[in-house]
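These notes are about the structure you will find just below.
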Amino acid sequence: MLRVAEHFAHTDTGRQRRGNEDSFFARSPLFAVADGMGGAQAGEIASRVAIDVLQDGLPDGAGSPEERLAGLVGEANAHVFELSRSGREYAGMGTTLTAAYLGEEELAIAHVGDSRLYLLRDGSFERLTRDHSLVEELVQRGEITAEEADQHPQRSIITRALGQERGIEVDRASWRARAGDVYLICSDGLTSMVTSEARVGELIAAGPDLREAGHRLIEAANDAGGRDNITVILFRLEEVGAPGPRTDQDTATDLAAVGSAQATAVHEVPVADGSGRPGARAATPPSRRRRRARNAAKILFVLGLLGLPVLGGGYIASQSVYFLGVDDQGLLTLYQGMPYDGPASLSLYSVNYTSGVPAATLPAPVRQVVVDHKLRSRRDASDLVTRIERGELEGQDG
Ligand code: MN
């Protein structure tokens, strides 16, 4: 049976923000990070409301830990959604939520948004969640590479968040855990600043304990600019009964860290004992990409229509982006919005400008730029159209 040997949890405002919209929960065996979004204080409230739902831990009852954890995330969604409808100051609020619960042999994972869960095992560092973000959708569709996603101007647009609709699709999985595993749950304030995942893994592996590693991660994000709130949870597993090396002090008194601006590195006690069932399920959710893309489009459409700012640092408003394409007549066209078809054949884009240039007459590399549907700022996109119209573009500039 596994237990959490040591954990660290801390949130930092970063260097640019005045407030901290992240919240976290770290009381073994349950850990979670929420990254709130919304105007004024709404983001802070949204993430706190979501985390509050976890206060009593995983409820007893029917279903696997994974199912019950996903149920809690659904409950958190309902709370945030209700609140968002209760007053103008809360309208458009939302939050990510990435939660992990250690059972006897498995880590149950439930996740919505672009906070992330990683695993450091035997020196290799791996991400176990998939972002619900625009750039991740584009990566999955093969339209951009993971490296391009890291630098993409729209990388902070998320496609799924708690509080947007009455129901929510929660990604969930059960991960076969092992003694020695170190898990990281973090908000995008870490990963958008330290974009090399390998680097993040190295910083954790450098030791000597999770407390130092955690502070090192936060420092690295701040050194890189600290443009967003940074939340880091680290926890390491051990086998119960195995006298592992204990590097941290026994003097830690904080058994739980909930909320913001607290840090703990404490020993844990066994949660329960049980029969070691195999549970060798390394489940990832079935691919429902198409449905997801539709949901994503729907959320983006609704929010874009309302013009609601959602993500700290970015906007989940589809109308703030542009892309190049070809219209029915085969003419080079500048579109405003997202290159998705919404539900019920609603388009998420509209024609902003139609040039007189037939796409078929363009040299192949330039035509590639026209059909890649890459998202651009208004200025970038219209500059590009102008250059194509003037025949200044030879390709490779996209
Ligand atoms: Mn953030």
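The accessible area of residue 127, taken with all protein chains in place and a 1.4 Å probe, comes to roughly 70 Å².
Our coupling estimate for the range 170-178, obtained by passing each phi through the Karplus curve with A = 6.51, B = -1.76, C = 1.60 and θ = phi - 60°, is 9, 6, 9, 7, 10, 10, 5, 8, 9 Hz, Gly and Pro reported as x.
Backbone phi angles across the range 375-384, fed through the Karplus curve with coefficients 6.51, -1.76 and 1.60 (θ = phi - 60°), yield HN-Hα couplings of 7, 9, 6, 4, 5, 4, 5, 6, 4, 5 Hz in residue order; Gly and Pro are listed as x. With R₀ set to 51 Å, the beta-carbon distance separating residue 239 from residue 351 gives a calculated FRET efficiency near 0.25. Remark on residue 6: its backbone amide H falls under 5 Å from those of 236, a criterion applied only to residues 5 or more positions apart or on other chains, H modelled at 1.01 Å from N.
Fraction of C-alpha pairs exceeding 12 angstrom in the range 172-233: 67 percent, rounded to a whole number. Computed 3J(HN,Hα) for the range 86-91, one whole-Hz value per residue from the Karplus formula 6.51 cos²θ - 1.76 cosθ + 1.60 where θ = phi - 60°, is 8, x, 4, 5, 9, 4, glycine and proline marked x. Here the ratio of the Cα radius of gyration of the range 35-90 to 2.2 N^0.38 Å is 1.25.
Model label points for residue 75 and residue 199, set 7 angstrom from Cα along the Cα-to-Cβ axis, are 4.0 nm apart. Evaluated at q = 0.13, 0.18, 0.22 Å⁻¹, the base-10 log of the normalised Debye intensity for the range 96-177, with identical point scatterers placed on the Cα atoms, takes the values -0.48, -0.85, -1.09.
Each other residue within a Cβ distance under 11 Å of residue 20 adds +1 if Lys or Arg and -1 if Asp or Glu, for a net charge of -3. Working ranking of peptides 47-56, 152-161 by packing, defined as the average number of other Cβ atoms within 10 Å per residue, highest first, is 152-161, 47-56.
Can you bin the range 21-163 into rounded, prolate or oblate? Criterion: square roots of the alpha carbon gyration tensor eigenvalues sorted a ≥ b ≥ c, rounded for a/c under 1.5, prolate for a/b above b/c, oblate for the rest. Because a/c hits 1.5 or more and a/b fails to exceed b/c, the range 21-163 counts as oblate.
The values are calculated or read from the model by the stated rules, or taken from the named source; none is laboratory data. What you see is a predicted model; the values in this text were computed from it and never measured. Cβ: placed from backbone, ideal geometry, glycine included. Neighbour counts: every protein chain shown. The protein model used for the area step is the full one, side chains on, heavy atoms only, and it has no ligands, DNA or RNA in it. Shrake-Rupley method; radii C 1.70, N 1.55, O 1.52, S 1.80 Å.
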